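Visitor: Below are the structure tokens for one structure; questions will follow.
Every number here is computed from the coordinates shown, using simple stated rules; none is lab data. Remember, predicted model here, so these are calculated numbers, not experimental data. When we count neighbours, we look across all protein chains shown, and the Cβ atoms used for this are built from the backbone with ideal geometry, even at glycine.
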Amino acid sequence: MKGRSVSTYQWRKSSYSANSSNCVNVAARDRAVLLRESDDPDVVLTLAPPALRAFIRAVRAGEFDRTLNE
């Protein structure tokens, strides 16, 4: 990520993570949504909001429920 360290963003823990130490964090940046896992915080996915919405719709629809090996 150019210019700004990932630690300077206002990260929020997913409400689905409860008290688990392994969780997903989310932050906002200029027209983008940042996602990372708590156990590897330096790896960050940057998505435009429409791309994130499409991904969430696909997950809810079960498009990723089967692996490629099935």
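Visitor: Calculate, for Ser7 and Arg53, the FRET efficiency according to 1/(1 + (r/R0)^6) with r their C-beta to C-beta distance and R0 25 Å; round to the nearest 0.05.
Guide: That pair, Ser7 with Arg53, gives E of 0.40.
Visitor: Could you give the size of the charge dipole of the range 21-70 about its Cα centre, using +1 on the Cβ of each K and R and -1 on the Cβ of each D and E, expressed in debye and rounded to the nearest 20?
Guide: 360
Visitor: Right, next: How much length would be gained if the chain were fully extended between Asn22 and Arg66, taking 0.36 nm per residue of separation minus their Cα-Cα distance, in nm to one decimal?
Guide: Stretched fully, the Asn22-Arg66 segment lengthens by 13.6 nm.
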